[in-house]
Amino acid sequence: MATTSPIIKQEAAIPFWRDVRVLGVIGQIIFTILVVIGLTWFIRNFLINAENQGLQTSFSFLNTTAAFDIAEGIEYEATDTFGRALWVGVINTIRVSFIGIILTTILAVVAGIARLSTNWLINKIATVYIEIVRNIPLLVQLFFIYFAVILKLPPVKDSVQPFGLPLFLNQRGFALPGLTATAGFPIWLAFIVLAIILVMTLWTIQSRQEERTGEPVNKIGSAVVAFIVIVAIGWFVTTAFTSNQAIMVATSRNIKDFDDFEKIYLLRVDTDALKDLGVELATLDTLKFPDNIAAYKDELTAKLGTGEVSAEESENIEAQLDILGDAQITICSVEDTVSEINAASQLRRLNIPVKVSNEKSMRKTGAAYAAGDCDLLAGTQAQLAAERAILEAPDTHELVDVSVPPLIVNTPAPAGFNIQGGTKLSPEFAALLIGLVLYTSAFSAEIVRAGILAVSKGQTEAARALGLNESQRLQLIVLPQALRVIIPPMTSQYLNLTKNSSLAVAIAFPDLVAVGSTVQNQSGFAVQVIIIFMAVYLTLSLSMSAFLNWYNKKVALVER
Amino acid sequence: MNELGNDIIICNDVHKWFGEFHVLQGITTTVKEGEVVVIIGPSGSGKSTWIRTLNRLEEHQKGQIIVDGTELNNDLRNIQEIRREVGMVFQQFNLFPHLTVLQNVTLAPIHVRRWSREKAEEIGMQQLERVKIPEQAYKYPGQLSGGQQQRVAIARALAMQPKIMLFDEPTSALDPEMIKEVLDAMQELAESGMTIMAVTHEMGFARGVANRVIFFDQGNIVEEKPPNEFFDNPEEERTKLFLSQILH
């Protein structure tokens, strides 16, 4: 160390007010103190004022009875507590936000790509959509969609059915096909998890084998086969062993299964009456199978629809349709239960026309059955056993246990002045969902467009030079890279959608804020309700951000 | 020098305009199978644009280009057919940063040639070995040096087993010490009999490897000759001036 050192002043001579590290710590301490003082002041102020005005600061009101109705959502009755009412609101908020986010993502990607399209028409349509929607306040759009579009749809019996799909749009909302989980669903889910674990194990084993022997093994093929086999076994096992469902029928009917209703239905078709109406014998002979009857009914309805029939003839056709209609099987069940959906879908599967006569409670349903209103009573085994016990002559009725698959496809079907089955969206839910999705997608589409433009031109050129076509280029090169630019701003849009769902209050959809406002009015616990609002939205937003940040890290580019 | 085969690229009076600017002014020339052609010229002369018309990254507006017996016109099928047979290496590498080196190399063979993954990976690894970086196969482009990236880009083009390779200033974005590794890879390729068209400022490569040097200026070919003749005995004034500027 004897070499000539440059002139450096001795260390340790820095006074603390010039030491950047010390200054940093001091700054943070001062800031923290200020925040704590501020918060203490606010909270103290609130507590003192609350006490002066006799406001209660506890959350005990959550356990008192709400005494108001909520139009839609999970199970809830007016006798439930405020806490339960708010929970219904939370679930409704989550439901509309979750579905909204999925639809927004799809629409935003389509509109964003369309905006970059070289096709003049597509490009202009996307531009007009984005410019109009993002420049009008969401509240105005919600009013427009709700009052001017959905409430102006035709009444239920004239439901709009776009493209002949099992979709029904009317002023009482939308009915679409849905999936209904039954008692066996969790068990089937366990089978699916088991299948995934097995497939992954199989994949690892085969990969090792492949590496060892050097011979390619059809890993995808065996994985798919294994998965399908296990899931299918799970389906049948669950269907056969986990049902808690039953139907009650008159013993004299001799019913062992839903299939046996076919005989009853066919017997009930009054062929003599049809013969009297002049139906040919050859035609009558074909009416020995439900499929043929359904086809014949369609034929008659179509003939009636052409308008080329005389008054006399149309009367005749209507009479025939009435006779066929009278043969239908009537189900008594509690509205929107698995029992109802299962019975109706099982019979419809056999092409037997069904009329569902439903009530809100098992008690009333049982009474309707006892009065002889229907051919069968559908419910759970326990419910039906109880109902049977209070029948006048229990011996003349029997319970038949029926199997239920873990998932039932629940397709809506028009039935007189109503739409039966399916997943129903209320006009309020539909309006809110459509409004949120259209509005948020307009902004998100611009984010998608920016993300795509952020991928350098060289990437496109390299993809083209390699001979990739346009859709491969988009899927394999552009979108995966655009994603990392898109995700952070997209996260804010998802959060916006969730928070904007509170505008539901304007069109009376019972989301958290709408329900909360009622709770607040009825109970008077304004501050607590607002604290709950904040806590719920904060939790939703933070968990969403956490998930998307994790995803963003996952898709980030690896760099040195 | 390689044995030269039939005409594989034919340009006949090729014109292109960028708006008012007449960038290609009637290029007429042919390239034979197995030939190595180096294109030199001042910047802005249109040499890059010309080479990019040969696989339709740029559209020509007049004249005729025939590549491997297929005419480049507005028929999408012809364009795709030609792009399959013509590999291209860019100045900025243009590797796909979200894919590993091996995925970069096998992407087009799998999705365009429709080869099985096994076959594509086998050929991809062969090409990576050919450019001497098989050990980088599972890294991402961002983890490689510029020279390594450009060699991956060469392997990526080669994995399609093209008949023609186009190089658009492949060494211009590289640090000097990395230029050699890329030029070595190109030289090996040339010696294997590949048809090559390269826009480059590497005069050593032009002199040592090319069958023909094309001097390009103001949207057209000024002079084309075998390298020795070209460098030692240029005819045109423009060529002499250019060479005097770059060969100090």
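The values are calculated or read from the model by the stated rules, or taken from the named source; none is laboratory data. Just so you know, these numbers come straight off a predicted model, no measurement behind them. Reconstructed Cβ throughout: ideal geometry from the backbone, glycine too, with neighbour counts over all protein chains shown. What goes into the accessible areas is simple: the full protein's heavy atoms, side chains included, and nothing from ligands, DNA or RNA. Shrake-Rupley method; radii C 1.70, N 1.55, O 1.52, S 1.80 Å.
Structure data summary
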quantity: Of all residues in region A:156-176 being part of a loop (DSSP other than H, G, I, E, B) and open to solvent by less than 60 Å² (accessible area, probe 1.4 Å), the one that is farthest from residue A:413 (Cα to Cα); calculated: A:159
quantity: Hits in region B:219-248 (condition: part of a helix (DSSP H, G or I) and either of a type in the set (A, V, I, L, M, F, W, C) or over 14 Å from residue B:38 (Cβ atoms) (or both)); calculated: B:230, B:231, B:232, B:237, B:238, B:240, B:241, B:242, B:243, B:244, B:245, B:246
quantity: Candidate set from region A:203-234 (those that are open to solvent by 70 Å² or more (accessible area, probe 1.4 Å) and under 21 Å from residue A:190 (Cα atoms)); member that is nearest to the other protein chains (Cβ to nearest Cβ); calculated: A:203
quantity: Evaluation of residue A:431 against (1) open to solvent by 40 Å² or more (accessible area, probe 1.4 Å); (2) of a type in the set (A, V, I, L, M, F, W, C); (3) under 28 Å from the mean Cα position of the chain (by Cα) (one fails), failing number; calculated: (1)
quantity: Residue among B:129, B:122 that alone is within 12 Å of chain A (Cβ to nearest Cβ), part of a helix (DSSP H, G or I) and either open to solvent by 10 Å² or more (accessible area, probe 1.4 Å) or farther than 22 Å from residue B:56 by Cα (or both); calculated: B:122
quantity: Filter pass, residue A:187 being open to solvent by 50 Å² or more (accessible area, probe 1.4 Å) and either closer than 20 Å to residue A:338 by Cβ or assigned to a strand (DSSP E or B) (or both); calculated: yes
quantity: Residue in region B:230-245 that is closer than 20 Å to residue B:167 by Cα, out of contact with any helix residue (DSSP H, G or I) (no Cβ under 6 Å at 6 or more places or on another chain) and open to solvent by less than 20 Å² (accessible area, probe 1.4 Å) present; calculated: no
quantity: Residue pairs meeting the criteria (Cβ under 9 Å; at least 6 apart or on separate chains; first without any contact (Cβ under 8 Å) to a residue 40 or more places away in the chain and on the phi > 0 side of the Ramachandran plot, in region B:44-66; second surrounded by 16 or more Cβ atoms within 10 Å (Cβ to Cβ) and in a loop (DSSP other than H, G, I, E, B)); calculated: B:56/B:72
quantity: Members of region B:30-48 found to be under 17 Å from residue B:12 (Cβ atoms) and under 14 Å from the mean Cα position of the chain (by Cα), listed by number; calculated: B:31, B:37
quantity: Selection count where residues are under 19 Å from residue A:118 (Cβ atoms) and open to solvent by less than 40 Å² (accessible area, probe 1.4 Å), scope region A:434-482; calculated: 16
quantity: Tally of residues being within 18 Å of the chain's Cα centre (by Cα) and on the phi > 0 side of the Ramachandran plot across region A:155-190; calculated: 1
quantity: Hits in region A:110-137 - residues which are touching a Gly at 6+ places or on another chain (Cβ under 9 Å) and not in a helix (DSSP H, G or I); calculated: none
quantity: Cβ pairs under 6 Å, 6+ apart, first in region A:450-474 and facing chain B (nearest Cβ under 10 Å) and on the phi > 0 side of the Ramachandran plot, second of a type in the set (Asp, Glu) and not in a helix (DSSP H, G or I); calculated: none
quantity: Close pairs from region B:180-204: first of a type in the set (S, T, N, Q), partner open to solvent by 10 Å² or more (accessible area, probe 1.4 Å) and in a loop (DSSP other than H, G, I, E, B), Cβ under 7 Å, at least 6 apart; calculated: B:195/B:33; B:195/B:35; B:195/B:163; B:200/B:169
quantity: Pairs where the first residue, in region A:479-505, is within 14 Å of chain B (Cβ to nearest Cβ) and the second is in a helix (DSSP H, G or I) and among the aromatic types (Phe, Trp, Tyr), C-beta under 8 Å, 6+ apart; calculated: A:487/A:551
quantity: Matching residues, region A:411-466, being hydrophobic (A, V, I, L, M, F, W, C), in the same structural domain as residue A:506 (by TED's automatic domain parsing) and in a loop (DSSP other than H, G, I, E, B); calculated: A:454, A:455, A:466
quantity: Where residue A:91 falls short, out of the listed (1) of a type outside the set (S, T, N, Q); (2) touching a residue at least 60 places away in the same chain (Cβ under 8 Å); (3) within 30 Å of residue A:245 (Cβ to Cβ); (4) open to solvent by less than 80 Å² (accessible area, probe 1.4 Å); calculated: (2)
quantity: Filtered residue count, region A:355-398, keeping only those that are of a type in the set (Val, Ile, Thr), touching a residue at least 60 places away in the same chain (Cβ under 8 Å) and assigned to a helix (DSSP H, G or I); calculated: 1
quantity: Identity of the residue in region B:30-85, aliphatic (A, V, I, L, M) and either open to solvent by 50 Å² or more (accessible area, probe 1.4 Å) or within 14 Å of another protein chain (Cβ to nearest Cβ) (or both), that ends up farthest from residue B:207 (Cα to Cα); calculated: B:76
quantity: Any hit, region B:75-95, residues being touching a residue at least 60 places away in the same chain (Cβ under 8 Å) and touching a His at 6+ places or on another chain (Cβ under 8 Å); calculated: no
quantity: Any hit, region A:512-525, residues being away from chain B (no Cβ under 14 Å), farther than 30 Å from residue B:161 by Cα and outside any helix (DSSP H, G or I); calculated: yes
quantity: When residues of region B:90-113 are limited to those that are within 9 Å of another protein chain (Cβ to nearest Cβ), hydrophobic (A, V, I, L, M, F, W, C) and on the phi < 0 side of the Ramachandran plot, the one surrounded by the most Cβ atoms within 10 Å (Cβ to Cβ); calculated: B:108
quantity: Verdict on residue B:186 being of a type in the set (A, V, I, L, M, F, W, C) and either assigned to a loop (DSSP other than H, G, I, E, B) or within 14 Å of chain A (Cβ to nearest Cβ) (or both); calculated: no
quantity: Positions within region B:136-171 being aliphatic (A, V, I, L, M), more than 12 Å from every other protein chain (Cβ to nearest Cβ) and assigned to a loop (DSSP other than H, G, I, E, B), in sequence order; calculated: B:137
quantity: Residue within region B:157-172 that is more than 22 Å from residue B:113 (Cα to Cα), over 12 Å from the mean Cα position of the chain (by Cα) and either at pLDDT 90 or above or of a type in the set (Gly, Ala, Ser) (or both) present; calculated: yes
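Per-residue answers, yes or no, for (1) within 28 Å of residue B:63 (Cα to Cα); (2) open to solvent by 30 Å² or more (accessible area, probe 1.4 Å); (3) touching a helix residue (DSSP H, G or I) at 6+ places or on another chain (Cβ under 9 Å):
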| site | (1), (2), (3) |
| --- | --- |
| B:170 | yes, no, yes |
| B:174 | no, no, yes |
| B:182 | no, no, yes |
| B:194 | yes, no, yes |
| B:197 | yes, no, yes |
| B:219 | yes, no, yes |
| B:222 | yes, yes, yes |
| B:228 | no, yes, yes |
